[in-house]
Amino acid sequence: MKIFALLSLLAFNINVSAQSPIRPGDRIAIVGNTFADQLRIHGYLESLLLQHSKENPVSIRNLGWGGDMLTARDRPTNFPSEASTLTDHKTDVIIACFGFGESFAGEAGLTDFKNDLKDFITSHSGKTYNGTSKVRLILVSPIAYEDLARTTPNLEKRNSELKAYSQAVGEVAQEAKLPFVNLYDPSRYLMDEEGPKLTTNGVHLTPYGYWAISQHFAAQLLATQDYEKWQLTIDAKAGTGTATGVELSQIKSTDGSLHFRVKEQSAPSLAPPIDADLPPQLTARRDTLVVRDLKPGTHTLSIDGTKITSATHSAWSKGIPIDSSPTHQAAETYRELINDKNRQFVYSWKALNQVHIVGERRSSPSGKALPAEVIAFNKLAKQRDEDLRKGIQLKTRDWKLTPTSK
């Protein structure tokens, strides 16, 4: 029932808008609180958005700032204005993540929060940061508060507040006819499931938490409940099979081994950054190989001669996640390139030590070198964007299942 309810919830949120809130080629800016800020150091959401706009990739700049709220967005002296940064990026769409910090005001603060959110929308209304068309806004709810026993006091109260503020974001979005991404309900469902914890302290997501939440985040941004994940199903005895995300051919048994050729048609799913059993709805998002009618025993999968994983014939018949193939490794390298692009941008935008700008070191050699360094880092970020446009190279590979024991 819980999984069905979650899928129904996602279907409702996705169908609110007639089309995907994110379009191919969009130049995106993410603004908001710590949740938004930390998206840039994990890269899972950006990887999903890039690989599903590969013909005309999006370009993302993360302007999130830890602790930001709608009316409390303090910046150091001489910090570049948000408008100038949005204009420099030629921003088409802004993804705004607010509501967590504001939720501490409780029910009494809801009216002010909604008014502040409307003011935020008005502040961007009609602006043409890309020079041609009006910027589009997407509003995102906060996530839920995870139960970590004694380290997470006032659990019910905080989740009641976070739910109310999430609903407020949705109401403002509906009134303004803007897309709304509901992360509160999916995160609450995941937190209640058996599986790894999503946060370190009930609030801040772990790398696994960002991997998990990004699945739901991207699904709503792309207006789709599912991606074309790699799903291979083979009948070893009949020599037949079906697949999505890849194309199967030349299925045959030779010398006791099962051989088949796989032509990769879509980017693979990123592996979860944790070795643990996952909730069913997240397991279902992993690339999977199902092989039925194998002879009893353990069988080892190799791809282009490289060992990938081993499992019993019974386990293969139920499906084994495949996320360490050569192409999956390339996808992980691609995510690391995304994270590096984000680092270069942050170095160009968020100076880490203000003393070199307006403090006693502004006349030092490092202070004098800072303006040129900022320009250089910005150029590096833009170059990384160009590198990311190349995407992941998809190939045709030979897969083989070999019996290794009886």
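List of remarks:
- The strands (runs of 3 or more DSSP E) found wholly in the range 261-322 and carrying at least 2 residues that are closer than 30 Å to K197 by Cβ and open to solvent by 20 Å² or more (accessible area, probe 1.4 Å) occupy 306-312.
- Selected residue [in contact with a helix residue (DSSP H, G or I) (Cβ under 7 Å, 6 or more places away or on another chain), at pLDDT 95 or above and among the hydrophobic types (A, V, I, L, M, F, W, C)] from A164, A108, A173: A164
- Of all residues making up the range 44-80, the number that are of a type outside the set (A, V, I, L, M) and under 27 Å from Y165 (Cβ atoms): 13
- Qualifying residue in the range 201-210 (condition: in contact (Cβ under 8 Å) with a residue 24 or more places away in the chain, crowded, with 18+ Cβ neighbours inside 10 Å, part of a helix (DSSP H, G or I) and of a type in the set (S, T, Y)): yes
- Pair list, Cβ under 6 Å, 6 or more apart: the range 395-406 residue surrounded by fewer than 13 Cβ atoms within 10 Å (Cβ to Cβ), other residue at pLDDT 95 or above and not charged (D, E, K, R): T404/T298; T404/T300; S405/G297; S405/T298; K406/G297
A quick yes/no check of all residues on (1) on the phi > 0 side of the Ramachandran plot; (2) not in a helix (DSSP H, G or I):
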{"residue": "A83", "(1), (2)": "no, no"}
{"residue": "L86", "(1), (2)": "no, no"}
{"residue": "I94", "(1), (2)": "no, yes"}
{"residue": "N115", "(1), (2)": "no, no"}
{"residue": "D119", "(1), (2)": "no, no"}
{"residue": "G131", "(1), (2)": "yes, yes"}
{"residue": "A144", "(1), (2)": "no, yes"}
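- Pairs, first open to solvent by less than 30 Å² (accessible area, probe 1.4 Å) in the range 145-167, second of a type in the set (V, I, T) and not in a loop (DSSP other than H, G, I, E, B), C-beta under 8 Å, six or more apart: E146/T199
- Residue-level analysis places S123 among those that are on the phi < 0 side of the Ramachandran plot, of a type in the set (G, A, S) and open to solvent by 50 Å² or more (accessible area, probe 1.4 Å).
- Residue satisfying all of: in the range 229-247; among the small types (G, A, S) and assigned to a loop (DSSP other than H, G, I, E, B); nearest to the chain's Cα centre (by Cα) among these: G245
- Inter-residue pairs, beta-carbon under 7 Å, first free of Cβ contacts under 8 Å to residues at least 12 places away in the same chain and in the range 84-98, second surrounded by fewer than 23 Cβ atoms within 10 Å (Cβ to Cβ) and among the aromatic types (F, W, Y), 6+ apart: none
- Residue within the range 147-157 that is modelled with pLDDT of 95 or more and within 24 Å of A96 (Cβ to Cβ) present: no
- Filter pass, R40 being open to solvent by less than 50 Å² (accessible area, probe 1.4 Å) and out of contact with any Leu (no Cβ under 6 Å at 6 or more places or on another chain): yes
- Lone unmet requirement of (1) under 17 Å from I30 (Cα atoms); (2) at pLDDT 95 or above; (3) open to solvent by 20 Å² or more (accessible area, probe 1.4 Å) for V58: (3)
- Inclusion of F100 among residues that are under 23 Å from the mean Cα position of the chain (by Cα) and either under 15 Å from V203 (Cβ atoms) or open to solvent by less than 30 Å² (accessible area, probe 1.4 Å) (or both) is warranted.
- Being on the phi < 0 side of the Ramachandran plot, among the polar types (S, T, N, Q) and open to solvent by less than 60 Å² (accessible area, probe 1.4 Å) is a property that does not hold for T71.
- Scanning the range 217-230 turns up no residue that is at pLDDT 95 or above, open to solvent by 30 Å² or more (accessible area, probe 1.4 Å) and either more than 25 Å from A330 (Cα to Cα) or touching a strand residue (DSSP E or B) at 6+ places or on another chain (Cβ under 7 Å) (or both).
- Single residue of A212, A223 found to be on the phi > 0 side of the Ramachandran plot and under 17 Å from the mean Cα position of the chain (by Cα): A223
- Residues of the range 169-187 include at least one that is surrounded by 17 or more Cβ atoms within 10 Å (Cβ to Cβ), small (G, A, S), within 17 Å of A219 (Cα to Cα) and in contact with an Asp or Glu (Cβ under 9 Å, 6 or more places away or on another chain).
The values are calculated or read from the model by the stated rules, or taken from the named source; none is laboratory data. Only a predicted model underlies this, so the values are computations on that prediction, with no experimental measurement involved. Please note: Cβ atoms are built from the backbone with ideal geometry, for glycine as well, and neighbour counts cover all protein chains shown. Quick note on the areas: whole protein, heavy atoms, side chains included, nothing else; ligands and nucleic acids left out. Shrake-Rupley method; radii C 1.70, N 1.55, O 1.52, S 1.80 Å.
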